[in-house]
1. Between residue 211 and residue 257, with labels modelled 7 Å along Cα→Cβ, what's the label distance in nm to one decimal, could you check?
2. Whole number in Å², please: accessible area per residue of segment 126-226, 1.4 Å probe, ligands, DNA and RNA not counted.
3. Starting from the amide H of residue 214, placed 1.01 Å from N in the peptide plane, find each other amide H under 5 Å away whose residue is 5 or more places distant or on another chain.
4. How much length is gained if the chain between residue 77 and residue 131 is pulled fully straight, taking 0.36 nm per residue apart and subtracting their Cα-Cα distance, in nm to one decimal?
5. If one computes P(r) from the Cα atoms of segment 317-419, what percent of pairs lie at distances over 21 Å?
6. Relative to the longest principal axis of the C-alpha atoms of the chain, give the angle of the C-alpha long axis of helix 49-60, reported between 0 and 90° and rounded to the nearest 10°.
7. At a Förster radius of 25 Å, what calculated FRET efficiency corresponds to the Cβ-Cβ distance of residue 187 and residue 244, to the nearest 0.05?
8. Rank by packing, highest mean first: peptides 296-305, 117-126, 159-168, with packing defined as the count of other Cβ atoms within 10 Å averaged across residues.
Amino acid sequence: MTRSEVAHKPKTLDIGDLFQITRQQTDKLVEPLAPEDLMLQSMEDASPAKWHLAHTTWFFEEFILKPRLPAYCSPDDRFAFLFNSYYVQAGPRHARDKRGLISRPVMQDVLDYRSHVEDAVLDLLDAGRADGDEISGLVELGCHHEMQHQELLITDLLHAFSFNPLLPAYRDPEPMLITTEVAQEFERFDGGLTEIGHSGDGFHYDCEGPRHQAFVAPYELARRPVTNRDWIAFMEDGGYEQTSLWLMEGWAVAKREAWDAPLYWWKQDDEWWSYTLRGPQPVNLDAPVVHVSYYEADAFARWAGARLPTEVEHELAVRDKPIEGNFLESGAFRPLPSKSPWGDVWEWTQSPFTPYPGFRAPEGALGEYNGKFMVNQMVLRGGSYATPRRQMRPTYRTFFYPHQRWQALGLRLARDLSS
């Protein structure tokens, strides 16, 4: 076993245990919420917490139970319309921007739906069927799909709560650690011909493969992400007003949306504050900056005399480093000062989300999971404070549109080196 395989080998779980742990984690995330909170939808990109609970349940029902259990009965056949997201081959679906209007079924009906499906999935896993390996693989995919929705649930909730003038706290505030500035340092990589993409038998999404060769020129990557302290220096130097730093489309978006700071920031008594899931707090100067778009990240990198890394460079730099950092399980619900290449904030790369050489989406509705999004979006790496730790691998690719900011998005700098 290689050093990389040791660093990233997750604790092995029975698939039934993984299923129950994943479902319990989702339930735990909604425990602090009132019924009114569960219905909030602040924009089309976001979804209500109640919808996340139901949609992740529908996924197991639609792709595992219905095709394999002819006698299976859903608690309500209408749920297939209400809780499908974007799977065209799975049938028609409710309008995405109107999910917050689904007051019925009530929350108890959704919880009953979850229990009904969970019992059926566990019974199916225990049935000793000839297609048991295929079923286990699909349940594992469903669990990772639910982990993605755990992250979305958290960031969607933050966005929704941010519109409330009371600035409510999802979790009680905690004192912020007193920190000092950490000088920015860079780690050198010689480059050359390398391989990236997933290999082996462990879980991965289809878009992480096939494994393939890629050439990398010599480069260096920052040892820590860009911090709030760094970002304030960019702002004070007029970074949001210097057209020479910005991509043309980014400048147009920034002006149209009146961006002059990261999302959720405001200035109060000459001090920068931000809204977090622990309520309003002074900006932690030494924590990674978060909730910045690709356009802002690219402008900052140019201002700093650097650039954003490619996803190949990022994968090469982190693949031998243990996955240790501030993830969902830490309960921080905000970035913390750290030099880890993992957790806290997703890091923008300059790489578009496109298929690797030889990629083919699977047949059927599950082939829509990633393949049809491979246009006009940018790849991010490394995970965030809202990402379940079990999701992370050096090959994991998440992706968002360049203008989006509501996710936990930050950056790490790269620089070219002469060979």
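1. Result: 3.8 nm between the two label points.
2. The answer is 51 Å² per residue.
3. 194, 195, 196
4. Computed gain between residue 77 and residue 131 is 16.9 nm.
5. Roughly 42 percent, rounded to a whole number.
6. For 49-60 against the chain, the angle is about 60 degrees.
7. So, using R0 = 25 Å, E works out to roughly 0.30.
8. Ranking, from highest mean packing down: 296-305, 117-126, 159-168.
The values are calculated or read from the model by the stated rules, or taken from the named source; none is laboratory data. Computed from a predicted structure; not experimentally measured. When we count neighbours, we look across all protein chains shown, and the Cβ atoms used for this are built from the backbone with ideal geometry, even at glycine. Remember, those area values only see protein heavy atoms, side chains included, never the ligands or the DNA or RNA. Shrake-Rupley method; radii C 1.70, N 1.55, O 1.52, S 1.80 Å.
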